[in-house]
Amino acid sequence: MSDDCVPGPSTCNNGDDEKVGELKEERNSETVLIKEESNEDKMKRMNALLNRKRKKAVETPSESSIVPSIDKEEDEGTKRRRDEARQKILWETERAKERAERMGPQGWVRPKSLNTNKEFLSRTIQSTLSRMQKRDRDDKSIIRSVIMVVLTKTMHAPHSLSKEQVGRYSRQLLVADFGVTGQERLSSSSVLIVGAGGLGCPCATYLAAAGVGTIGIVDFDTVSLDNLHRQVGHKEKNVGKKKTESLRDSLHELNSSIHINCHSVVLDRHSALEIFKGYDVIVDCSDNPSTRYLINDASILLNKPLVSGSALRWEGQLTVYNYGERCPCYRCVFPVPPSPHLVTNCAEGGVLGPIVGTMGSLQALEVIKIISQSGATYAGRLLLFDGQSGKMTTVNLRERSPKCAVCGPHPTVTELIDYDVFCGSGVHDKTPDLKVLSPSERVGVAEYAMLRKSRGVCSSIAQEIEGRKDENEGKSVDSSIDLSLSQSRIRLFDTRPPCEFAIASLPEATNVPLDRLKNMSIDELVKTLKLPMKKDEDKDVFFICHRGNDSQLAVRLLGERLTNEGETIHSDIDTNQLRIRDVVGGYQAWADIVDDSFPVY
Amino acid sequence: MATPVEIRVRFFGKARELMACEETRATIPNTMSYQELKNLIFHELYIDLESIESACILAVDHTYLSDHSTVSLRPYSEVAIIPPLSGG
């Protein structure tokens with residue numbers, strides 16, 4: 001990327017001196033060029049004239065030097081038109097000067113396709129001459145035209161931005177150290193955003209708004225309602241639509257002048273390199289370890305800078321990898337992937353919109369700095385953002401690891417591998433289904449529904465209250481109705497954290513979070529779980545959770561604790577008689593199979 | 001000669017979830033090897049974090065600790081336990 005870009009602007013502040021210097025240099029160069037180009041007498045004559053007029057124009061841009069002289073034989077109408085044209089040119093010249101002064105030295109940096117001022121002016125003169133010679137044989141007229149074009153181009157900052165672009169991006173053109181050069185670089189760059197979710201939406205939005213020339217979006221997923229609180233690039237009307245297309249439409253509404261490529265595929269070892277190679281900078285807005293390692297390795301193999309962001313709950317992390325010789329990659333810092341069962345994803349742990357919004361915006365900022373060659377603040381540094389306490393901590397990371405499997409001097413990863421195998425988990429942001437218990441230790445939701453019905457447990461608090469109303473024959477019902485009656489009919493313990501229990505639960509369920517369960521003494525366990533002591537008591541104990549993972553762990557935990565410690569303390573608990581089971585698939589399955597009015601999340 | 005020093009220990013991501021707290025204090029020797037600090041943290045002080053040991057990075061006073069470094073701690077030095085976040 002850096003090879004074909006224009007060298008950065010000078011930090012010199014004496015813009016006027018610099019401009020004058022440049023102009024003088026240009027004038028000389030243009031002279032030399034024309035001499036080289038033509039040995040004919042006509043060109044020599046023209047050259048001499050050009051020099052004289054050009055010198056006057058630069059040193060004293062007076063009327064006579066920049067506006068063609070009026071021929072005596074011209075009539076009044078022509079004169080008037082000439083006067084008007086002269087006024088217009090003068091006005092434009094003044095405006096151009098003002099604009100150039102406001103832009104400072106950066107306004108005068110050459111467009112990307114032209115390396116120097118000399119080259120720019122030479123080409124302008126050449127092209128003007130060739131056009132003029134074809135249709136106008138008059139020397140004076142040719143020279144006049146050349147002067148006009150050269151002056152106009154020199155007075156207006158000769159960059160590649162159109163008038164429309166200057167207008168649209170004016171507020172960022174005014175930013176020192178970004179300016180016209182930064183905009184030109186941005187407009188001619190291409191950025192790939194992997195993941196059109198919580199991070200991808202704000203990142204892509206700011207990059208599109210800023211005028212990144214080409215944006216690629218990779219995502220295989222479709223928009224769902226529970227995305228919208230944080231994935232602000234998608235709209236309600238797009239629920240069910242591909243995320244790539246939904247985000248593309250949103251970005252095009254914001255800026256129709258940029259190119260957007262949709263890659264609606266699962267990014268894997270077979271597709272990654274082909275997609276990545278068309279882009280200058282890669283942005284990791286993905287949501288799982290497997291994709292993160294894949295993105296890292298592909299970026300290293302193609303030597304692209306990688307801007308990586310991640311978030312969960314109240315926290316965010318940001319790092320730029322592979323930006324410069326010594327900058328580490330993701331594997332240098334995290335060579336070992338986390339165990340799949342210890343990875344909490346957004347579907348499980350939740351995340352707040354402004355957290356991903358902050359991190360995605362910071363990613364966009366790093367991309368802009370990389371493309372405009374302002375340096376990447378977080379190259380080799382890890383930003384830890386804690387939105388709850390408002391703390392931002394930056395950790396200086398290591399340099400590139402000599403032992404790194406992909407970017408080290410002796411890499412073992414020289415092509416993309418199977419990242420699902422490497423991480424022990426897939427690319428889908430779904431909670432894995434644990435299989436800890438035997439079928440006899442589990443109960444399906446349909447069976448549980450029948451069981452509780454047979455014991456007279458109502459399916460909802462509303463029904464419970466309704467039932468009590470009938471019993472009381474129209475007497476007023478206490479709103480804080482005691483559900484202990486229903487609770488006593490069946491023992492159901494809900495192992496979810498209190499914040500999830502508060503969303504929705506079955507009326508007979510008692511909340512005993514798994515974390516609390518783990519730390520209880522055996523006495524507390526027996527007491528809290530109201531384990532049956534009497535022979536005639538019901539021996540069933542059920543555990544339920546969100547999706548049926550923690551409930552299995554709770555069954556296993558309780559079984560072990562009771563076997564190891566319970567009987568020695570409470571001789572009247574017969575573990576062989578107890579029947580401890582979990583509800584397969586938890587509340588999600590309950591909603592899917594038994595009660596579709598149950599709120600899912 | 002190592003002397004005991006009180007430090008701040010900050011937990012991030014999964015470590016915060018497992019410890020159910022954001023920050024704590026500990027008194028540990030002021031000089032030790034990286035491996036000694038790692039053992040102390042994951043196998044003695046915070047057993048709950050044992051399961052994420054291999055995926056965590058440790059930082060002392062905002063600087064990453066590499067495998068063979070020697071750790072020097074001052075009073076109230078900040079030791080950060082940082083597992084990667086994956087969500088987005």
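Here r is the Cβ-Cβ distance between A:Glu274 and A:Ile593 and R0 is 35 Å; the resulting FRET efficiency, rounded to 0.05, is 0.25.
Scanning residues 5 or more positions from B:Ile57 or on other chains, those with amide H under 5 Å from its amide H are B:Ile82, with H placed 1.01 Å from N in the peptide plane. Give me log10 I(q)/I(0) at q = 0.09, 0.11, 0.17 Å⁻¹ for segment A:189-423, Debye formula, one equal scatterer per alpha-carbon, no solvent. Rounded to two decimals, the profile gives -0.33, -0.50, -1.30. Each residue, A:Lys403 and B:Gln35, gets one label point 7 Å from its Cα in the Cβ direction; the gap between the two is 1.0 nm. Sequence-distant contacts, meaning Cα pairs under 8 Å at least 6 residues apart, place the relative contact order of chain B at 41 percent. For segment A:580-601, the residues whose backbone nitrogen is under 11 Å from a point 7 Å from the Cα of A:Lys453, taken along Cα to Cβ, are A:594-595. Beyond 21 Å in Cα-Cα separation lie the following of the pairs A:Lys453/A:Lys539; A:Lys79/A:Lys140; A:Lys242/B:Lys14; A:Lys163/A:Lys235: A:Lys242/B:Lys14; A:Lys163/A:Lys235. Arranged from fewest to most other beta-carbon atoms within 10 Å of their beta carbon, A:Val356, A:Val457, B:Val5 become B:Val5, A:Val457, A:Val356.
Computed from the C-beta positions of A:Lys237 and A:Ser170 and an R0 of 35 Å, the FRET efficiency is 0.60 to the nearest 0.05.
Among A:Trp590, A:Trp91, which comes first, second and so on when ranked by fewest other beta-carbon atoms within 10 Å? Display every interim value, and only then the final one.
On the way: A:Trp590 23, A:Trp91 10.
Going from least to most buried by this count: A:Trp91, A:Trp590.
Remark: segment A:585-595, residue by residue, has Karplus-estimated 3J(HN,Hα) of x, x, 5, 4, 5, 4, 5, 5, 9, 9, 9 Hz, where x stands for each Gly or Pro and the curve is 6.51 cos²θ - 1.76 cosθ + 1.60 at θ = phi - 60°. Our summary of shape: the Cα atoms of segment A:273-324 have principal axis extents of 34, 22, 14 Å, ordered from largest down, in whole angstrom.
From its DSSP helices (H runs of at least four residues, each -39,500 (n - 2.57)), chain B gives a residue-normalised ellipticity at 222 nm of -3500 deg cm²/dmol. Under a 5 Å amide H cut-off, with hydrogens placed 1.01 Å from N, A:Asn261 pairs with A:Ile215, A:Gly216, A:Ile217 among residues at least 5 apart or on other chains.
Under a 5 Å amide H cut-off, with hydrogens placed 1.01 Å from N, A:Thr510 pairs with A:Leu492, A:Phe493, A:Asp494 among residues at least 5 apart or on other chains. Cβ crowding within 10 Å ranks A:Phe385, A:Phe542, A:Phe220 as A:Phe220, A:Phe385, A:Phe542, fewest other Cβ atoms first.
Any idea what the alpha-carbon Rg over 2.2 N^0.38 Å comes to for segment B:4-82?
0.97
Here the gap between A:Trp91 and A:Asp177, fully extended at 0.36 nm per residue and compared with their Cα-Cα distance, gives a gain of 28.0 nm.
Rule-based calculations on the coordinates, nothing more; no lab input. Keep in mind that what you see is a predicted model, and the values were worked out from it rather than measured. When we count neighbours, we look across all protein chains shown, and the Cβ atoms used for this are built from the backbone with ideal geometry, even at glycine.
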